[in-house]
1. Check off (1) more than 30 Å from Val85 (Cβ to Cβ); (2) part of a helix (DSSP H, G or I) for Val55 and give me the number that stays unchecked.
2. What do you reckon, is Glu112 open to solvent by less than 70 Å² (accessible area, probe 1.4 Å), charged (D, E, K, R) and in contact (Cβ under 8 Å) with a residue 24 or more places away in the chain?
3. Search the range 6-49 for residues being part of a loop (DSSP other than H, G, I, E, B) and charged (D, E, K, R), and hand back the single one that is surrounded by the fewest Cβ atoms within 10 Å (Cβ to Cβ).
4. What is the one condition in (1) under 30 Å from Asp106 (Cβ atoms); (2) free of Cβ contacts under 8 Å to residues at least 12 places away in the same chain; (3) of a type in the set (Lys, Arg) that Lys31 does not satisfy?
5. Report, by residue number, each residue of the range 63-87 that is within 12 Å of Ala98 (Cα to Cα) and among the small types (Gly, Ala, Ser).
6. Which numbered condition trips up Tyr60, out of (1) within 30 Å of Ser100 (Cα to Cα); (2) touching a His at 6+ places or on another chain (Cβ under 8 Å); (3) exposed (fewer than 11 other Cβ atoms within 10 Å of the Cβ)?
7. Going by the structure shown, is Asp80 without any contact (Cβ under 8 Å) to a residue 12 or more places away in the chain, surrounded by 11 or more Cβ atoms within 10 Å (Cβ to Cβ) and outside any helix (DSSP H, G or I)?
8. I'd like to know if the range 90-104 contains one or more residues that are in contact with a helix residue (DSSP H, G or I) (Cβ under 6 Å, 6 or more places away or on another chain), in a helix (DSSP H, G or I) and open to solvent by less than 100 Å² (accessible area, probe 1.4 Å).
Amino acid sequence: VISYRALKLPGEDSPYIYVHVGVPLQALLEKARHAQYKSIAALSLYLLAAIALAVPIGNYCFVRRINKLREASRHLAAGDLNVRVFEVVKGGELGELASSFDEMADQLAERECALRRSERELQDLNKDLLDRIEQEMARRLKHERLLARHARLAAIGEMIGAIAHQWRQPLATLGATIQSVR
C-alpha cells in the first residue's frame with residue numbers, strides 16, 4: 001500500500017515537502033487478521049456470557065411467569081374458581097394479563113354463584129309448585145269423593161222415593177178400603 005501527499009504551510013500556495021509512504025500489503029493484512037481474530041474471540045466470549053445470563057434471566061422474568069399463567073388456566077378449566085395469579089405475576093404486560101386473568105376468574109366465580117342461586121330458587125319454586133299440585137290434587141280428590149257421595153245419596157234418595165211410592169199405592173188403597181168399611 002503506497003500513499004503520497006504534498007504538505008503546505010499555512011498561507012503558502014506551493015508545497016514545501018512531499019511525503020511518500022509505502023507499507024507492505026502482506027504485513028498489513030496479517031496485523032488486521034490478527035486484530036480480527038482477537039475481536040471475534042472477545043465477542044464470542046461476550047456472546048456466550050450474554051446467552052448464559054439470558055437463559056436464567058429469561059426463565060425468571062418470562063418463562064416462570066408464563067408457566068404460572070398456564071397452570072392457573074388449567075386450574076380454572078378444572079373448575080377451581082379461587083385461583084389468582086396477579087400477586088405472582090406482577091408488572092409489565094404479563095402483569096396486566098394476570099390482572100385480566102384474575103378479573104375473568106372473579107367474573108366466572110360471580111356467574112357460578114348467580115347460577116347456584118338461580119338453581120336454588122328454581123328448586124324452591126319446583127318444590128312449591130309440587131306442593132301446590134299435591135294440595136290441589138288432594139282438594140280435587142276430596143271434592144270428587146264428596147260429589148260421588150252426594151250422587152250415591154241422591155241415588156239412594158231416588159230409590160227410597162220409588163220404594164215409598166210403591167208402598168204408598170197399596171197403603172192408599174188399603175186406607176180407602178178401611179175408610180169405606182167404617
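1. It is condition (1) that Val55 fails.
2. Taking the combined requirement at face value, the residue satisfies it.
3. Result: Asp13.
4. Status for Lys31: all satisfied but (1).
5. Ala72, Ser73
6. Only one criterion is unmet by Tyr60, namely (2).
7. Yes, satisfied.
8. Yes - at least one qualifying residue is present in the range 90-104.
The values are calculated or read from the model by the stated rules, or taken from the named source; none is laboratory data. All of these numbers come straight from a predicted model, not from anything done at the bench. For neighbour counting, all protein chains shown are included, and Cβ atoms are generated from backbone atoms with ideal geometry for every residue, glycine included. For accessibility, only protein heavy atoms count, side chains too; no ligands or nucleic acids. Shrake-Rupley method; radii C 1.70, N 1.55, O 1.52, S 1.80 Å.
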